[in-house]
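Structure first, then comments.
The values are calculated or read from the model by the stated rules, or taken from the named source; none is laboratory data. Nothing here was measured: the structure is a model prediction, and the numbers come from that model. Because the Cβ atoms are built from the backbone with ideal geometry, glycine has one as well, and the counts that use them run over all protein chains shown.
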Amino acid sequence: MKNKIAIIPMLLVLGACSTLPPTYLKVGTGYKLNETKVFDEGEQVNDPITARFELGVGVSESITIGYAHRSQWRRGFPVDGRGEYNVDEVFIDYTIKLN
């Protein structure tokens, strides 16, 4: 009986999610082609491999709003305590479709 009762809130949450605008989560990596010199305690940070995370909501067919974080996979938390290049931003994007 407990399992059947537990299904009810889960169905309510799933039903509510279906009424929300399209939401997405991106997790990825990148390679920096060019970067202004970044220093941590006098040491130049020179790691081109980036970590990328983004959570967004499609407001319309061409407008997205959300939060993005970029940092380093091989430096800083949780790898070690060294400083790292990182960016946290809220954004609004306008997409132009090319084809």
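The table for this structure:
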read-out	value
Hits in region 27-82 (condition: over 19 Å from the mean Cα position of the chain (by Cα), of a type in the set (Val, Ile, Thr) and assigned to a strand (DSSP E or B))	Val38, Val45
Enumeration of residues in region 83-99 that are part of a strand (DSSP E or B) and surrounded by 11 or more Cβ atoms within 10 Å (Cβ to Cβ)	Phe91, Asp93
Some residue of region 36-52 being aromatic (Phe, Trp, Tyr) and modelled with pLDDT of 90 or more	no
